[in-house]
Amino acid sequence: MQTVGIGVIGCGIGKWHLEGYDTDPRANVVAISGLEDRCHDLAREHDVPNVYTDYREMLARPDIQAVSIAVPNFLHVPIGLDAIAAGKHVLMEKPLARNTEEGEVLVRAAEEAGLVLGIIFNRRSRADMQALKSAIDRGALGEIYHARAYWNRRAGIPGLGSWFTNKDGAGGGPLIDLGVHVLDMALWLMDEPNVTRASAATYAKLGPQGIGNWSGNRFSVTTDMPYEVEDFATAFLRTARGSTLYLEASWAEFSSRTDEFGVHILGTKGGAELDVKDYATVGTLKLFSFEDGVQIDAVPRLPEKVASAGHAEVIHAFLDSILDGVPMVPDGRNGLERTALIDAIYRSAREDREVEVPSVMSLLEVGAA
């Protein structure tokens, strides 16, 4: 069996990448790189023979053909460009970049080098998402004309005073952190409509008070650092097809929410509600239809998946693309599309008006001219 030498950069979220690679015998994880002591613990746990504190030394290894990048947002593009320059295929943790400009540079570099650039939109791989996508694709819901996507936490700021709440470090707050996931979920279910306009608002109300920190995070609270990003974002999006999408993303809010995300779909023949509370994997999907004059509610029985299964599915696709030339899905262009949309949402909020959303194709064509 042909294998791919893998390096993993980042020992936080990198844990999920390592668990994903463990499920595919075509992956040979040669090394991991990171600054934390726990890199050595992860190396022992996953039988990784080499640990580096300087990722550049790791990239110099000829036995590594591809890397996973799972580091803070501000490091995605510089490390990604270094990996591409070293001739490595790249699997990037979401978001692709802090902004469209950065993302364009990364996507163009990978395409010009003929290297695979994948993006971790792992929520697509959930059993409930797969079942709902199948129902939509076979026409069970008819024409999809509206969707609602949300990820809300009552107290879920990943780390007050950490890079997460620094504008330069993260690029934004819950919109770029959590909202990017549910935007991807909704647009994928809707068969990738071209979003043309965005009207949005963002708020920073609880974080600046030093409240709303997520108790489950690994970062210590540092309230003497300024809180520079939003803690709640909302947007209304219009597409070229005439369909619409409503979005909410929050790290902190006074509500009954714990840590909950989902997508609701309205179609001409049926509807669906996918609601996930505290990362549940079963009992999350309801389908609604109307047959023979009777309203029907259906709750599919779905297999329970382990938490890292989504990363594993993306990693399988990444290796398929490297070894067999199968188009990577989701790829860097998908990541850039979501980044451009998030940029438009932030711009609408800043300017207090509806704004146009540029197409990724036009962005790349303009940049190449």
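The values are calculated or read from the model by the stated rules, or taken from the named source; none is laboratory data. A quick note: this is a predicted structure, and the numbers were derived from the prediction, not measured. Note: ideal-geometry Cβ built from the backbone for every residue, glycine included; neighbour counts use all protein chains shown.
Quick one: which strands (runs of 3 or more DSSP E) lie wholly within the range 258-369 and hold at least 3 residues that are aromatic (Phe, Trp, Tyr) and at pLDDT 95 or above?
Working: elements: 259-267, 270-277, 285-291, 294-298.
In the range 258-369, there are no strands (runs of 3 or more DSSP E) which contain 3 or more residues that are aromatic (Phe, Trp, Tyr) and at pLDDT 95 or above.
Being assigned to a loop (DSSP other than H, G, I, E, B), under 30 Å from Arg353 (Cα atoms) and of a type outside the set (Asp, Glu) is a property that Phe254 has.
Could you say whether any residue in the range 17-29 is out of contact with any strand residue (DSSP E or B) (no Cβ under 8 Å at 6 or more places or on another chain) and farther than 22 Å from Ala312 by Cα? Within the range 17-29, none of the residues are out of contact with any strand residue (DSSP E or B) (no Cβ under 8 Å at 6 or more places or on another chain) and farther than 22 Å from Ala312 by Cα.
Could you tell me which of the residues Asp184, Asp168 is part of a helix (DSSP H, G or I), acidic (Asp, Glu) and farther than 30 Å from Val326 by Cβ? Break it down into steps so the answer makes sense when it comes.
Working: Asp184 fails: farther than 30 Å from Val326 by Cβ.
Of the residues listed, the single one that is part of a helix (DSSP H, G or I), acidic (Asp, Glu) and farther than 30 Å from Val326 by Cβ is Asp168.
Is it fair to say Ala235 is aliphatic (A, V, I, L, M), on the phi < 0 side of the Ramachandran plot and in a strand (DSSP E or B)? Here the answer is yes, as Ala235 does meet what is asked.
Reported count of residues in the range 105-132, each being of a type in the set (D, E, K, R), within 27 Å of Leu18 (Cβ to Cβ) and in a helix (DSSP H, G or I), is 3. Just one of (1) out of contact with any Asp or Glu (no Cβ under 8 Å at 6 or more places or on another chain); (2) within 18 Å of Val180 (Cβ to Cβ) fails for Gly142. It is (2).
Taking the range 248-293 as the search range and keeping residues that are hydroxyl-bearing (Ser, Thr, Tyr) and under 22 Å from Leu175 (Cβ atoms), which one is surrounded by the most Cβ atoms within 10 Å (Cβ to Cβ)? Of everything passing the filter in the range 248-293, Ser250 is surrounded by the most Cβ atoms within 10 Å (Cβ to Cβ). In the range 56-63 there is at least one residue that is assigned to a loop (DSSP other than H, G, I, E, B), out of contact with any Cys (no Cβ under 7 Å at 6 or more places or on another chain), surrounded by fewer than 12 Cβ atoms within 10 Å (Cβ to Cβ) and aliphatic (A, V, I, L, M).
May I ask you to verify whether Asp297 is closer than 24 Å to Met190 by Cβ, surrounded by fewer than 14 Cβ atoms within 10 Å (Cβ to Cβ) and over 19 Å from the mean Cα position of the chain (by Cα)? Full working, then the answer.
On the way: closer than 24 Å to Met190 by Cβ: yes; surrounded by fewer than 14 Cβ atoms within 10 Å (Cβ to Cβ): yes; over 19 Å from the mean Cα position of the chain (by Cα): yes.
So Asp297 passes the test.
If I filter the range 160-174 for residues that are farther than 27 Å from Tyr346 by Cα and of a type in the set (Gly, Ala, Ser), do I get at least one hit?
Filtering the range 160-174 down to residues farther than 27 Å from Tyr346 by Cα leaves none.
Within the range 160-174 (the criterion being farther than 27 Å from Tyr346 by Cα and of a type in the set (Gly, Ala, Ser)), the answer is no, since none of the residues qualifies.
Taken together, the criteria place Val282 among residues that are on the phi < 0 side of the Ramachandran plot, among the aliphatic types (A, V, I, L, M) and out of contact with any Gly (no Cβ under 8 Å at 6 or more places or on another chain).
Contact map, the range 246-258: residues that are in the same structural domain as Asp231 (by TED's automatic domain parsing) paired with residues that are surrounded by 12 or more Cβ atoms within 10 Å (Cβ to Cβ) and polar (S, T, N, Q), Cβ distance under 6 Å, separation 6+ or inter-chain. Pairs shown: Glu248/Thr234; Ser250/Asn152; Arg257/Asn152.
The residues of the range 18-44 that are assigned to a helix (DSSP H, G or I), of a type in the set (D, E, K, R) and in contact (Cβ under 8 Å) with a residue 24 or more places away in the chain, listed by number, are Glu19, Asp22, Arg38.
The residue pairs whose first member lies in the range 108-132 and is without any contact (Cβ under 8 Å) to a residue 40 or more places away in the chain, whose second member is in a loop (DSSP other than H, G, I, E, B), and whose beta carbons are closer than 9 Å, counting only pairs six or more residues apart or on different chains, are Ala109/Leu115; Ala113/Gly87; Leu115/Gly87; Leu115/Lys88; Gln130/Leu302.
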